[in-house]
Amino acid sequence: MSRKSLQRKVPISDVGKNDDESHVSWHGFLGLISFSTILPLNIHSTIPEMARFTFLWPIIGAFIGIIAGGFGWLLVYPLHLSPLVSAALIYSLAISFTGFHHLDGLVDCGDGIMAHGDPKRKIEIMRDKRIGTGGLALLLIVSLVTVTSIASLTAVYILPAIFVSEVAAKLSLITCATFSEPLNDGTGQYFINNMDWKLLTGSVALTVILGFLGFNFMGIAGNYTGVIGILGGLVSGLLMALITRKNFKQANGDILGASNEMGRMLSLLFMVIFISGSV
């Protein structure tokens with residue numbers, strides 16, 4: 001039995017409970033929104049309190065997706081900007097709206113993966129404040145694939161695809177958390193310890209519904225592109241969990257952040273491939 005399985009899990013019925021409270025409080029979820037975005041909500045919540053709502057992170061992704069997707073719709077319709085410029089601006093908004101929080105994890109994770117040595121040495125490199133070639137290379141790859149994938153979408157797909165990709169990004173994050181062992185220090189351990197396969201199953205069901213409705217709500221009836229995009233996020237989370245076990249043995253907040261960025265990229269790539277094959 002793994003260390004993580006010995007950790008106390010928070011059942012759904014206890015989500016949001018403080019140690020000295022018996023009623024359900026959504027203060028932690030509001031804190032998670034504040035933690036995940038640059039919105040000036042001025043909500044002060046502890047990491048353990050926020051982590052109780054880890055399985056609902058895709059809902060916050062849906063909110064981010066509406067903002068970024070709506071912005072993209074304005075760029076391609078009223079403003080008629082070129083696909084490449086629009087894609088660059090959409091991606092810039094998506095990563096800046098989260099305060100570049102996850103992007104920092106992507107760079108650190110890239111440095112750790114490319115480093116030589118045992119898992120302990122790789123973790124030390126990942127936590128180094130300096131940016132190395134591995135981090136820059138991974139950032140360049142993910143950014144290029146993400147931007148060019150957005151640019152490959154026709155105008156009608158921009159809003160729903162961006163919406164789905166942000167939901168899938170958060171699904172990737174919590175999937176990686178579910179199948180990873182936590183480091184015993186740092187904030188990432190709280191989010192990892194608050195996920196299990198039962199909560200993940202509920203989150204996957206929720207995201208599949210959001211993926212399906214995301215496209216059909218836009219009048220693209222009978223379209224399963226959004227579900228394919230959600231699948232991309234799920235695959236990303238599983239791959240990141242495998243990469244983590246091979247390189248680091250245990251996961252931290254940087255790896256979860258990298259999972260978010262990888263999830264967005266693979267979700268968009270999956271949708272672009274599916275759309276191209278359907279034409």
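The values are calculated or read from the model by the stated rules, or taken from the named source; none is laboratory data. All figures in this text were calculated on a predicted structure; none of them were measured in a lab. All Cβ positions, even for glycine, are placed from backbone atoms using ideal geometry, and neighbour counts span all protein chains on display. Surface areas here come from the heavy atoms of the whole protein model, side chains and all, with no ligands, DNA or RNA. Shrake-Rupley method; radii C 1.70, N 1.55, O 1.52, S 1.80 Å.
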Using the alpha-carbon atoms, what tilt in degrees (0 to 90, nearest 10) does helix 133-151 show relative to the longest principal axis of the chain?
40
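Determine the relative contact order of region 66-165: mean sequence separation of Cα pairs under 8 Å and six or more apart, normalised by residue count, in whole percent.
40 percent.
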Of the candidates THR225, THR154, THR146, which one comes out as most mobile in a Gaussian network treatment of the chain with C-alpha springs shorter than 10 Å?
THR154
Label point distance in nm, LEU81-THR187, each placed 7 Å from Cα along Cα→Cβ:
2.9
Spelling out what I want: for every residue of region 117-130, take phi, set θ = phi - 60°, compute 6.51 cos²θ - 1.76 cosθ + 1.60 (Karplus), and round to whole Hz; glycine and proline get x.
x, 7, x, 4, 5, 4, 5, 4, 5, 4, 8, 5, 6, 6
Largest fluctuation, VAL235, VAL227, VAL156 only, Gaussian network model of the chain with Cα springs under 10 angstrom, belongs to VAL156
Take the alpha carbon atoms of region 173-193, find their center, do the same for region 27-99, and report the distance between the two centers in whole angstrom.
21
Given 0.36 nm per residue, what is the gain on full extension from VAL156 to LEU144 after removing their alpha carbon distance, in nm?
2.1 nm
For the chain, what is the Kirkwood estimate of the hydrodynamic radius, computed as the reciprocal of the mean inverse distance between distinct Cα atoms, to one decimal in Å?
18.8
Using the Karplus curve 6.51 cos²θ - 1.76 cosθ + 1.60 with θ = phi - 60°, what ³J(HN,Hα) values do you get for each residue of region 189-195, in whole Hz, with x for Gly and Pro?
4, 5, 5, 5, 5, 9, 10
What are the residues whose amide H is under 5 Å from the amide H of ALA251, where those residues sit 5 or more places off or on another chain and H is modelled from the backbone?
GLU181, LEU183
Between 0 and 90°, nearest 10: helix 27-36 axis offset from the chain longest Cα axis:
60
Suppose every K and R has +1 on its Cβ and every D and E has -1 on its Cβ; what is the size of the dipole of region 167-261 about the Cα centre, in Debye to the nearest 20?
180
What helix-only [θ] at 222 nm does the chain give? Using -39500 (n - 2.57) per DSSP H run of at least 4, over all residues, to the nearest 500, the answer is -22500 deg cm²/dmol
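First measure r as the distance between the Cβ atoms of THR201 and LYS246, then evaluate 1/(1 + (r/R0)^6) with R0 = 35 Å and state the FRET efficiency to the nearest 0.05.
Once rounded, the FRET efficiency stands at 0.90.
Taking only protein heavy atoms into account and a 1.4 Å probe, give the accessible area per residue of region 63-141 in Å². Before the final figure, lay out the partial values.
Working: 4300 Å² over 79 residues.
For region 63-141, the solvent-accessible area averages 54 Å² per residue.
Run the numbers for SER92 and ALA137: contour at 0.36 nm per residue of separation, minus the present Cα-Cα distance, in nm.
14.4 nm
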About its Cα centre, what dipole magnitude does the chain give when the only charges are +1 on Lys and Arg Cβ and -1 on Asp and Glu Cβ, stated in debye to the nearest 20?
520
